[in-house]
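*Asks:* Submitted below is the structure of interest, expressed as structure tokens.
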Amino acid sequence: MSDARRKEPRLPDDGVGITGARVLVVGATGEIGGLAARSLHRRGAAVALAGRDARRLAERSRRSGACPHRVFDAYDLDGCEGLAAWAVRSLGGLDRVVVAVGVAGFGSAEHVGEAAAEHLMTVNALAPMAVVRGALPLLEAGGAVAVVTGAVVDAPPRGMADYAAAKAALAVWLGVVGREQRARGVRVLDVRMPHLEGGFAARAVTGSPPALPPGADPVATVERLLVAPLAGAAGRER
């Protein structure tokens, strides 16, 4: 049987309430977004995928039952804001949103050029904000958004001022939005993902990563910190 036709076994819901949910995964061609999409699909969710890499996006769509997919550019903030409306049209509604968009950057502040600084702020903060901004009016009570920030928010190291500032800006924004949405019954989850194995740091937009300790297992960590809280288990709610 070809890879396009092979279906992965559906996993039991494990009591976390994701079966039948309609979920938009933004950043689905990255490692975290791809793992989240795979897990959500295997647990019975209907997913719509948005990502930057057209070839990889089409491949991951096939692995998720030929689900709807759309290429987007993080610099197109209006396009980012419109992704949720596209998902509603594609899935017939929207219950959950995953935002796993980001790019690393390294170097002391005086060595980070303005173009790189703008890129880090746009991709790591403004683009995720735009996605969430477009999704909130379309989510009803019981809906949720899960946005990946990072452990760097809690302990920003030297040599990562611009990257940490972008992630911290996103985290503060999510905190306020979470309080605003609480009365509506919409959860806003800030996913403080730790350093993972997988090469994210090696694909930095500027600078070179310092020596890093071994990262956490991506599959288990995404399941524990992103998928389970999104589905309804205990998590960091803002």
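Quick note: the coordinates plus some simple rules give every number you see, no bench work behind them. Just so you know, these numbers come straight off a predicted model, no measurement behind them. Counting neighbours? That spans all protein chains shown, and the Cβs are built from the backbone with ideal geometry, glycine included.
*Asks:* Work out from phi, with θ = phi - 60° and the Karplus expression 6.51 cos²θ - 1.76 cosθ + 1.60, the ³J(HN,Hα) of each residue of segment 64-78, listed in order in whole Hz, and give x for Gly and Pro.
*Replies:* The phi angles translate into 10, x, 6, 6, x, 8, 8, 7, 9, 10, 4, 6, 8, 5, 5 Hz.
*Asks:* Could you give the dipole magnitude of the chain about its Cα centre, charging the beta-carbon of Lys and Arg +1 and that of Asp and Glu -1, in debye to the nearest 20?
*Replies:* Numbers: 29 positive and 24 negative charges, 181 e Å.
Computed about the Cα centre, the dipole is about 860 debye.
*Asks:* Using the per-residue mean of other Cβ atoms lying within 10 Å as a proxy for protection, in what order, highest first, do the peptides 151-161, 186-196, 92-102 fall? Walk me through the intermediate numbers first.
*Replies:* Details: 151-161: 15.5, 186-196: 20.4, 92-102: 23.8.
Result, highest mean first: 92-102, 186-196, 151-161.
*Asks:* Taking amide H positions as placed in the peptide plane 1.01 Å from N, state which residues far from Ala146 in sequence (5 or more) or on other chains have amide H under 5 Å from it.
*Replies:* Excluding prolines and chain starts, which carry no amide H, the hits are Val97, Val98, Val99, Leu189.
*Asks:* Can you compute the radius of gyration and Dmax for the chain, using only the Cα atoms, both in Å?
*Replies:* Radius of gyration, then largest Cα-Cα span, for the chain: 17.0, 55 Å.
*Asks:* Once amide H atoms are placed 1.01 Å from N in the peptide plane, what residues at a sequence separation of 5 or more from His69, or on another chain, have their amide H within under 5 Å of its amide H?
*Replies:* Placed amide hydrogens put Leu49 under 5 Å from His69.
*Asks:* Provide the per-residue ³J(HN,Hα) series for segment 131-136, in order, calculated from phi with Karplus coefficients 6.51, -1.76, 1.60 and θ = phi - 60°, each as a whole number of Hz, with x at glycine and proline positions.
*Replies:* Those phi angles translate into 4, 5, 4, x, 7, 4 Hz.
*Asks:* Of the DSSP beta bridges with both residues in the chain, give the percent that are antiparallel, rounding to the nearest 5.
*Replies:* 5 percent
*Asks:* Helix-only mean residue ellipticity at 222 nm, the chain, DSSP H runs n ≥ 4 weighted -39,500 (n - 2.57), per residue, nearest 500. What is it? Don't jump to the answer; show the numbers that get you there.
*Replies:* Working: 9 runs with 83 residues, N = 238.
The per-residue figure over the chain is -10000 deg cm²/dmol.
*Asks:* I've got another one for you. May I ask which residue of Gly82, Met121, Leu139 lies farthest towards the positive end of the charge dipole of the chain, with charges of +1 (Lys, Arg) and -1 (Asp, Glu) on Cβ and the Cα centre as origin?
*Replies:* Looking along the dipole axis, the top candidate is Leu139.
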